[in-house]
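This report refers to the structure that appears directly beneath it.
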Amino acid sequence: MLTRIDHIGIACFDLDATVEFYRATYGFEVHHSEVNEEQGVREAMLRINGTSDGGASYLQLLEPTREDSAVGKWLAKNGEGVHHIAFGTADVDGDAADIREKGVRVLYDEPRTGSMGSRITFLHPKDCHGVLTELVTSAPVESPEH
Ligand code: V0V
Ligand code: CO
């Protein structure tokens, strides 16, 4: 079951400048940043709200690491802007299978690694009324050491 908006992915040419815009304009700070070579992105997650159980929402700022990546191609064609939305679920495998049965193209046979150790897959935008849609299961929250 899809239970929340996990993040909105925003493509940008210059990650540092875009991070600074969101900090200066709204006061959003970088919660996490990483490079995901498989996806061809350098990204920053800005945490908007949420609790320590992992149920937050984020803005995911994405700068391509190579021109032929999904974000690189999209930026060349469209310029900066909203690239995808991501719904959170406890069961990305099950939800992806259910959605595939409805005739929507799920892009990966098995979920891949996303931000902060999450497991992610994507639905083809042409099957989703023009919206590239991601499904995310967050990494389990580590309990504090005693
Ligand atoms: C492409 N199209 C889009 C789109 N990208 N429509 C809406 N939103 C987007 N973001 C449209 C495009 O305008 C074309 O429409 C058509 O789809 C085919 O696009 P294309 O430019 O020829 O590109 P393709 O087919 O090579 O690739 C498109 C797909 C690709 C969606 C298959 O972008 C993909 O695999 N995306 C999933 C991976 C991804 O986006 N990774 C970056 C985020 P017309 O012109 O034919 O009408 S990584 C991430 O979110 C992480 C790590 C995370 O959350 O943790
Ligand atoms: Co994403």
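Across region 31-51, the qualifying residues are those that are more than 19 Å from His84 (Cα to Cα) and surrounded by 13 or more Cβ atoms within 10 Å (Cβ to Cβ), and the one among them that is farthest from the chain's Cα centre (by Cα) is Gly50.
Checking each residue in region 82-117 for being hydroxyl-bearing (Ser, Thr, Tyr) and near ligand 1 (Cβ under 6 Å from one of its atoms) picks out only Ser115. The residues of region 7-52 include none that are near ligand 1 (Cβ under 10 Å from one of its atoms) and at pLDDT below 95. The C-beta contact set for region 81-103 (first residue over 23 Å from Glu43 (Cβ atoms) and free of Cβ contacts under 8 Å to residues at least 40 places away in the same chain, second residue of a type in the set (A, V, I, L, M, F, W, C) and in a strand (DSSP E or B), distance under 6 angstrom, 6+ apart or interchain) comprises Arg100/Val106.
Scanning region 120-132 for residues being out of contact with any Leu (no Cβ under 6 Å at 6 or more places or on another chain) and crowded, with 19+ Cβ neighbours inside 10 Å gives a total of 3.
The strands (runs of 3 or more DSSP E) located wholly in region 1-76 that include 1 or more residues which are of a type in the set (Val, Ile, Thr) and closer than 28 Å to Asp91 by Cα occupy 2-11, 30-36, 41-49.
Restricting attention to region 1-43, the residues that are within 13 Å of Met116 (Cβ to Cβ) and either of a type in the set (Asp, Glu) or within 12 Å of ligand 2 (Cβ to nearest atom) (or both) add up to 5.
Of all the residues in region 62-113, those that are surrounded by fewer than 18 Cβ atoms within 10 Å (Cβ to Cβ) and aliphatic (A, V, I, L, M) number 7. Working only within region 101-143, note down all residues that are among the aromatic types (Phe, Trp, Tyr) and in a loop (DSSP other than H, G, I, E, B). Passing the criteria: only Tyr108.
The values are calculated or read from the model by the stated rules, or taken from the named source; none is laboratory data. What you see is a predicted model; the values in this text were computed from it and never measured. So basically every Cβ, Gly included, is an ideal-geometry build from the backbone, and we count neighbours across all protein chains shown.
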